[in-house]
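So the structure is just underneath, and the comments pick up after that.
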Amino acid sequence: MNIKSLLLGSAAALAAVSGAQAADAIVAAEPEPMEYVRVCDAFGTGYFYIPGTETCLKIGGFIRFQVDYGDHAVNKRQGWGAAGDSDWDAFSRAYISFDAKSDTEYGTLTGFFAAEFNADNDSDVGDSLIDVDEAYIQLGGLKAGFFYNWWDKGLNGETDSLGNVTEFNSIAYLYDGGSFQAGLSIDELEGATTHPNGVGVSGIVSASLGGVSFDLLGGYDSELEEGAIRALLSADLGPGVFQLAGIWASDPNAYWEKSEWTVAASYRFNATDKLAITPGVQYFDGLSHGTFDFTNDDAWRAGVTLDYKITEGLATRVSVQYEDADGAEDQVFGFVRLQRDF
């Protein structure tokens, strides 16, 4: 065997071994594509697409720590809290909301849910609870579920009281023409009055032009056969916003029961980019004192609210109010609040 034959044989052997190893090689499978969360900017900031769908979701809420003060401070908190003799009370609240939106041939389809988680030291008497704040479906201007009525809207600050029961299971329709709006709502009043089969009807007409807006709102309680009318004006004035509101009621009803008529005003003064000072005043004539008839008594209230933005997402609010009502002792009440929004 010569050298040439030896070299050719070696080359053939190496080729055979290489071919055998290539046949046994493991080919790694390509990873499946990952679907990342996409930002949805069709409905404003904060929305993202639910993976695999065309529905946009926004999650929001706040964490609040608050100290109420005043005579029977626990009772000042509307909607929850037990009777007590303490002149101050501290509590914490967590609020979370889920807002799902998508475009349809009938307009924007919305599903909204929000809940409050309240915590108070005195849990034995029911001060701590979980509460569904809102839960509704909306398609275009049609809205059905549990949500805040137009009577919930108030003035800037914490001085005014412009509604009685402001949240119902309702069916409502709102026409939104931009600078002009008109709406009608059918409200279940069970639990809002002493009559178990109550049905309410509320309607609103709103208009805005430049920095001025005006609302005219009415509500009728079918069980008590009484109603109330409210007007609210808001205008940009100087370095702040001036607001004026008035209510008249035929007799106490689910929408307004505190007095026969009332007028309230506030001015939110934006002192700096972080500090706002809002003085307010309100007068009540013909107080009801919690009965189904108005009296000849009256009351007035005055106070101030301070808002300070500590940093992005963190703010504090301080409320100090004074009230003088016929048939009751004069009182000073309010709260100090720290809140983190997200």
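Points worth noting:
- Residue in the stretch 305-316 that is in contact with a Ser or Thr (Cβ under 9 Å, 6 or more places away or on another chain), assigned to a strand (DSSP E or B) and among the small types (Gly, Ala, Ser) present: no
- Restricting the stretch 93-113 to residues that are assigned to a strand (DSSP E or B) and acidic (Asp, Glu), the residue that is surrounded by the fewest Cβ atoms within 10 Å (Cβ to Cβ): Asp103
- Of all the criteria given as (1) closer than 23 Å to Ala94 by Cα; (2) surrounded by fewer than 20 Cβ atoms within 10 Å (Cβ to Cβ); (3) at pLDDT 95 or above, the one not satisfied by Leu139 is (1).
- Filter pass, Asp297 being closer than 18 Å to Asn156 by Cα, in contact with a strand residue (DSSP E or B) (Cβ under 6 Å, 6 or more places away or on another chain) and acidic (Asp, Glu): no
Let's see how each residue does on (1) surrounded by 18 or more Cβ atoms within 10 Å (Cβ to Cβ); (2) closer than 23 Å to Asn164 by Cβ; (3) under 23 Å from the mean Cα position of the chain (by Cα):
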{"residue": "Phe294", "(1), (2), (3)": "yes, yes, no"}
{"residue": "Val304", "(1), (2), (3)": "yes, no, yes"}
{"residue": "Ile310", "(1), (2), (3)": "no, no, yes"}
{"residue": "Gly313", "(1), (2), (3)": "no, no, yes"}
{"residue": "Arg317", "(1), (2), (3)": "yes, no, yes"}
{"residue": "Glu323", "(1), (2), (3)": "yes, yes, no"}
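- From Gln321, Gln339, residue being closer than 21 Å to Glu257 by Cβ and either assigned to a strand (DSSP E or B) or not polar (S, T, N, Q) (or both): Gln321
- Count - residues of the stretch 133-174 that are in a strand (DSSP E or B) and not small (Gly, Ala, Ser): 17
- In the set (1) under 30 Å from Asp324 (Cβ atoms); (2) modelled with pLDDT under 95; (3) of a type outside the set (Lys, Arg); (4) in contact with an Asp or Glu (Cβ under 8 Å, 6 or more places away or on another chain), Asp152 fails one condition alone, (2).
The values are calculated or read from the model by the stated rules, or taken from the named source; none is laboratory data. Note that the structure is predicted; figures quoted are calculated from it, not measured. Virtual Cβ from ideal backbone geometry, glycine too; neighbours counted across all protein chains shown.
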